[in-house]
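The numbers here are math on the coordinates, done by the rules we state, and not lab data. Please read all numbers here as calculations on a predicted model, not as lab measurements. For neighbour counting, all protein chains shown are included, and Cβ atoms are generated from backbone atoms with ideal geometry for every residue, glycine included.
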Amino acid sequence: MSAILILTLFVSVFFIIKDRSKNDAFIKIHSCGEVVWTGSLKDIQGERVITIVPAQGGGHALVIEGADTSYEHYNVIRITPDGVSVTESDCKNRICIHQGVMTSGDLPIACLPNRLLITISPEEGNGADAYTY
Amino acid sequence: MRTHTDKRKSTYRIAMLGLLAAMSLGIYALESLLPPLIPIPGIKPGLSNIITLFALRRFGKKEAGTVLFVRILLSALLFGNAVSLVYSLLGGAAALFIEVISDKILKGKYLYLTGSFGGLFHNAGQLIVALIIMRTTAVLAYTPYLAIAGIITGLFTGLCSHFLLKIRIPGADESV
């Protein structure tokens, strides 16, 4: 029984090390199961700030240019050539903000209460994201 | 017709399960007040598992399931929402499922291993919910982190439960 657990630990460490060596630049912002914004880190000049408002009752998520905290639920996302970060959020635990600036090879930034996921993947259509269902 | 001891037993059981559910809810509430230990979504100590494991060892799977279900339902009503309820339900059900099996195979020994399996499966269950809600396989990037965290936190809660089970309550435990 303990062998299963130890094996799981080793496999996990292997995958973490493998993932960290990636060098991608394509940003995808998922909100409530849809890709709502895409862009490449290489194309960003200066900084770009966008606000994502999660979908309410079957609608679509809102994508607003600039920081807008007037909605009930929101995540303000800052994108610079150095990486992507969430700067403001209405969620309780603020884990998305604590995750800091995400660059290639890092874990996706997620805000579970607002159903937000930000990933950095290989160019569009390649890699694991191609299996998006 | 039920005997006097039977009645005492069932009264004790009901009181004890109510107490355990309340304790579990209290632990859950306190835990949610703690700042996140690691800035990775889905990773938390899962201290309520101490009570679930305790209920499983002391009473049985049905009782552990009841305590778990009551705690999840109440915590979602008091502190959460519909989304957090789905996460908790699937995570909790997966954890209890494997803990019952593991406890049977290990014959009640090595509770920390049972706890580890519980933590691992709890996180696996929550990852499945995340897959369904986010509708992207990108969330699978979290798998190795969640696996390691689940095993470690499960080990801790399993050990806590192991020591908790050693405490005998005078006057109460003899009647069970």
Starting from the coordinates of the alpha-carbon atoms of the stretch B:4-175, obtain the Kirkwood hydrodynamic radius over all distinct pairs and give the value in Å to one decimal.
16.5 Å
Nearest 500 deg cm²/dmol is fine: what mean residue ellipticity at 222 nm does the protein assembly as shown get from its DSSP H runs of n ≥ 4 alone, each adding -39,500 (n - 2.57), divided by its residue count?
-17000 deg cm²/dmol
Where does the longest stretch of chain B lie that holds no trypsin sites (Lys or Arg not before Pro) found in a DSSP loop with 16 or fewer other Cβ atoms within 10 Å?
B:3-106
Cross-link reach list, lysines versus residue B:44, counting only Cα pairs under 19 Å and skipping chain neighbours closer than eight places:
A:92
Expressed in whole Å with the largest first, what are the equivalent ellipsoid semi-axes of the stretch A:38-91 derived from the C-alpha gyration tensor as the square root of 5 times each eigenvalue?
22, 12, 8
Global size of the stretch A:62-122 as Cα Rg and Dmax, reported in angstrom
11.2, 34
With charges only on Cβ, +1 for K and R and -1 for D and E, what is the dipole size of the stretch B:4-175 about its Cα centre, in debye, rounded to 20?
420 debye
Helix A:2-20 sits at what angle to the longest principal axis of chain A, using alpha carbons and giving 0 to 90 degrees rounded to 10?
50 degrees
As I understand it, the dipole of the protein assembly as shown uses +1 on the Cβ of Lys and Arg and -1 on the Cβ of Asp and Glu, about the Cα centre. Which of A:86, B:128, B:102 lies farthest toward its positive end?
B:102
Which cysteines does the protein assembly as shown leave without a neighbouring Cys Cβ under 4.7 Å?
A:32, A:91, B:160
Relative to chain B, whose Cα atoms define the longest principal axis, helix B:61-79 and its Cα axis are tilted in degrees, nearest 10, by 50 degrees
Projecting each Cα onto the charge dipole of the protein assembly as shown (Lys/Arg +1, Asp/Glu -1 at the beta carbon, about the Cα centre), which of B:88, B:169, A:103 comes out farthest on the positive side?
B:169
Among B:103, A:106, A:19, what is the fewest-to-most ranking by other Cβ atoms within 10 Å?
A:19, A:106, B:103
Per residue, the convex hull volume that the Cα atoms of the stretch B:101-176 enclose (Å³)
111 Å³
Cβ charges +1 (Lys, Arg) and -1 (Asp, Glu), total dipole of the protein assembly as shown, debye
1860 debye
For the protein assembly as shown, just the Cα set please: Rg and Dmax, both in angstrom.
22.0, 82
Quote the Stokes-Einstein diffusion coefficient, in whole µm² s⁻¹, for the stretch A:24-127, based on the Kirkwood radius over alpha carbon pairs, a temperature of 37 °C and a viscosity of 0.692 mPa s.
242 µm²/s
